[in-house]
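Everything below concerns the one structure shown next.
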Amino acid sequence: MASRSYAAATIFRRRVISIAISSQKGGVGKTTVSINLAHAFARAGVRTLLVDADPQGSVGLSLTRQSRLLAGFYDYLTNPAAPFDRWIVPTSLPTLSLVASGQASDYEAGDGGMGTHLVRVRAFLRSVAACGFDLCLIDTAAGLFGITGDVITAGDAIMIPQQAEPLGIRSVPKLLAGLHRLRIMNPRLSVLGVCLTMVQYNLPESTQAAAALRQLLPPEMVFQTQIPRDDLFVRASARGLPVGVLKDGSQALAVFDALRAEVAAKLAPHQLSIAKSGPHPAAGDDQRMI
Ligand SMILES: Nc1ncnc2c1ncn2[C@@H]1O[C@H](COP(=O)(O)OP(=O)(O)O)[C@@H](O)[C@H]1O
Ligand SMILES: [Mg+2]
């Protein structure tokens, strides 16, 4: 029965679903959410491509450490002739691959106007679909303009990590204005919602900020799952790993599994096929990704 429904989902799947993980602010957990959510989807058997579209290359740095040397997304933008599989880096998890940021020095100083790379980003997503991926998670730099704007305009959905702290919540009106502008440019954009990160359950200011955000936004705009502040995330990124593969990462794994389930439910209209492919590694099973 499961294999029949998977076959049906495969037949009806026309293209990859792309989700930009974006926010106007830096340091809110975009890269952490991208890596760990990609890992959670891949563990669930979804063929997942994690793309580092931040010129500072933090996903790659985190997962491979030597990714500055890897060609990647920014090289793709300026190399239309290269074969597409050149950009894809497999990981030790067969359902998870990575596209590093690559040589983005031209972009770090400011990356031209929005729309400059839209055609190329669209072509990128078509190639990702042709490679057979179900899901493409794109970690972006802070800000909703430039290349990030193009990624969001070309994509299906956006997810916005937001740090649970009083100052962070003050930026919500600006966030809503930014989303409004993006929806004008991409009317079929699904705003999956805001994901509260670095929640400190023992700090009233943090939990109050989380509650305040839930009051400000419609319920469907805020994920139920909250990412707790946990030093394990810092340790995981220092070792180039998603947190779930660390020995004591099972709690964090459960949090990201819950977030994955919420994202999958919100993507149901896009017919994301959750294929099952063999046993799922438990926390601590895999100490090396690349
Ligand atoms: N839930 C968390 N608990 C503790 N530290 C976190 C958590 N999420 C992110 N961090 C740390 O906060 C810093 C910023 O996170 P990062 O994901 O790089 O944000 P962004 O990509 O938005 O700039 C990093 O040092 C990261 O390890
Ligand atoms: Mg980042």
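The values are calculated or read from the model by the stated rules, or taken from the named source; none is laboratory data. Not measured: the values here are computed from a predicted model. Every residue, glycine as well, gets a Cβ built from its backbone with ideal geometry; the counts of neighbours run over all protein chains shown.
The rows are residues; the columns are (1) in contact with a strand residue (DSSP E or B) (Cβ under 8 Å, 6 or more places away or on another chain); (2) aliphatic (A, V, I, L, M).
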residue: A142; (1), (2): no, yes
residue: G146; (1), (2): no, no
residue: I160; (1), (2): yes, yes
residue: A164; (1), (2): yes, yes
residue: R170; (1), (2): no, no
residue: G178; (1), (2): no, no
residue: P187; (1), (2): no, no
residue: S190; (1), (2): yes, no
residue: G193; (1), (2): yes, no
Is it true that some residue in segment 205-227 is within 21 Å of A38 (Cβ to Cβ) and touching a Phe, Trp or Tyr at 6+ places or on another chain (Cβ under 6 Å)?
no
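Filter the helices (runs of 4 or more DSSP H) completely within segment 1-75 down to those with at least 2 residues that are more than 16 Å from ligand 1 (Cβ to nearest atom), modelled with pLDDT of 55 or more and under 17 Å from L137 (Cα atoms). Please lay out each step first, then the result.
On the way: elements: 2-12, 30-43, 58-64.
Hits in segment 1-75: 30-43.
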Restricting attention to segment 158-172, which residues are more than 25 Å from A53 (Cα to Cα) and not aliphatic (A, V, I, L, M)?
E165, P166, R170
Which members of segment 20-48 meet the condition of being more than 9 Å from ligand 2 (Cβ to nearest atom), more than 11 Å from the chain's Cα centre (by Cα) and farther than 18 Å from G193 by Cβ?
A42, R43, A44, G45, V46, R47
